[in-house]
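Heads up, the thing below is written out as structure tokens.
The values are calculated or read from the model by the stated rules, or taken from the named source; none is laboratory data. Since we're looking at a predicted model, the values are computed, not measured. Cβ sites come from the backbone with ideal geometry, for glycine too, and all protein chains shown count toward neighbours. The area values use the complete protein model at the heavy-atom level, side chains included, leaving out ligands, DNA and RNA. Shrake-Rupley method; radii C 1.70, N 1.55, O 1.52, S 1.80 Å.
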Amino acid sequence: MSLVSGPGRAVGTLPDHTLCVQKHVEYIRNLDSRRDELEYWLTEHLRLNGVYWGLTALHLLGFPESLPREETINFVLSCQRENGGFGAAPGHDAHMLYTVSAVQILVTLDAVDELEKRGLGGKRKVASFIAGLQDRTTGSFMGDEWGELDTRFVYGAFNALSLLGLMDMVDVSKAVAYIQKCENLDGGYGICPGAESHAGQVFTCVGALAIAGRLDLVNKDRLGRWLSERQLDNGGLNGRPEKLPDACYSWCARLVVYRSVVRTDSMQDPEAGGFGDRPGNMVDVFHTHFAIAGLSLLNFEGVQEVDPVYCMPRAVTMKYLK
């Protein structure tokens, strides 16, 4: 079971901006059949993330059972390493990002208990791997044992641990203080203190603060202005000033107007399914996932409700975060 392969067809457009739900479902389901393509193997480092992207998109489109449940669970568990973390694919080193995707998939499939049933150490072993990546002095989190720092990892830790009900295994207060240091004068957030503001980091930092219950620390007016400036004249959204628009930022930059629905919807391939980053470019499962999630935030007809903090089906997170 794997849902990342190379680029597909060039994106087409539909004059009435109809969402081609069945085409997108078929596109995601067929990703695992492209094993004879070079791009499939060149993207092995994204395999577990791809399952999360595809599975979530299918849930939001209203087709939650389109992937084989047992096969999906078996693949996820085959990616777990002895330290409790998960790699991108079987045999790959454990990393925060893949571990978060593994937890999100298992939660979505209501299969967290499989970690215990199959003698894999249960959810506490997974949480121990995540907790071990926190620098207890600064509050930051590494992505893996080699020490890369990024605010994505703080968010990932909070995301997975809260879903597992084990937030008490890390120092939340110090992590929150670290996020505050990543805030810039323009209201945005960077990957580390002093780094340029970026819409992706805005999502991860604000999302982490939301999970920690500290949204009171966000300068909403200043951040709101910065996010509103991400929208270009054509309706698309970019990640930072002077950059091209990208479908995934319909998710990250959530203070948008209705024109963004049209812009995101125009990036789909109406014949083969999937979304690209912008009109005329190839589709991929990453942009398909975030484009559909962005449409959900904008209450696009036919798309199920997404949780804006976890980027998961709202119905799923409501069950696990009671």
Simple Cβ-charge dipole of the chain, Lys/Arg +1 and Asp/Glu -1, about Cα centre, in debye nearest 20: 680
Ignoring ligands, DNA and RNA, please state the percent of accessible area on the chain from carbon and sulfur, probe 1.4 Å. 51
Expressed in Å to one decimal, the Kirkwood Rh of the range 54-150 from all distinct alpha-carbon pairs is 14.1
Treating only Lys and Arg (+1) and Asp and Glu (-1) as charged, each at its beta carbon, one finds that the range 123-185 has a dipole about its Cα centre, in Debye to the nearest 20, of 240
Loop-resident chymotrypsin sites (Phe, Trp or Tyr not before Pro) in the range 50-152 with no more than 11 other Cβ atoms inside 10 Å, DSSP not H/G/I/E/B, are Trp146
Mind checking the range 137-197 for GluC sites (Glu not before Pro) that DSSP puts in a loop (not H, G, I, E or B) and that have at most 11 other Cβ atoms within 10 Å? none
With the cut-off at 24 Å, report for the chain the share of all Cα pairs above it, as a whole percent. 53
Enumerate the calculated ³J(HN,Hα) couplings along the range 208-220 in order (Karplus 6.51 cos²θ - 1.76 cosθ + 1.60, θ = phi - 60°), each rounded to whole Hz, writing x wherever the residue is Gly or Pro. 5, 5, 5, 5, 7, x, 10, 5, 5, 7, 7, 7, 4
Which links in Lys220/Lys243; Lys174/Lys322; Lys123/Lys243; Lys174/Lys319; Lys23/Lys181; Lys125/Lys319 stretch past 32 Å when you go from one Cα to the other? Lys123/Lys243; Lys23/Lys181
Counting only residues 5 or more places away or on other chains, whose amide H sits under 5 Å from the amide H of Leu133 once H atoms are built in the peptide plane? none
Relative contact order (%) - criterion: Cα under 8 Å, at least six apart; region: the range 177-245: 24
Length gained when the stretch Tyr320-Asp93 is fully extended (0.36 nm per residue, less Cα-Cα span): 78.9 nm
For Val306, which sequence-distant residues (separation of 5 or more, or a different chain) have an amide H within less than 5 Å of its own amide H, given hydrogens modelled in the peptide plane? Arg314
To the nearest 20 Debye, how big is the dipole of the range 28-116 about its Cα centre, given +1 on the beta carbon of each Lys and Arg and -1 on that of each Asp and Glu? 240
So, relative contact order of the range 61-125 in percent, Cα under 8 Å, 6 or more apart, is 23
Give me the net charge of Phe153's neighbourhood, meaning all other residues with Cβ under 11 Å from the Cβ of Phe153; Lys, Arg count +1, Asp, Glu -1. -3
Percentage relative contact order, the chain, counting C-alpha pairs under 8 Å, at least six apart: 21
Per residue, accessible area of the range 137-216 with a 1.4 Å probe, heavy atoms of protein chains only, in Å², comes to 38
Among Gln22, Trp251, Gly207, whose Cα lies farthest out toward the positive end of the dipole of the chain, if unit charges sit on the beta carbon of Lys, Arg (+1) and Asp, Glu (-1)? Gly207
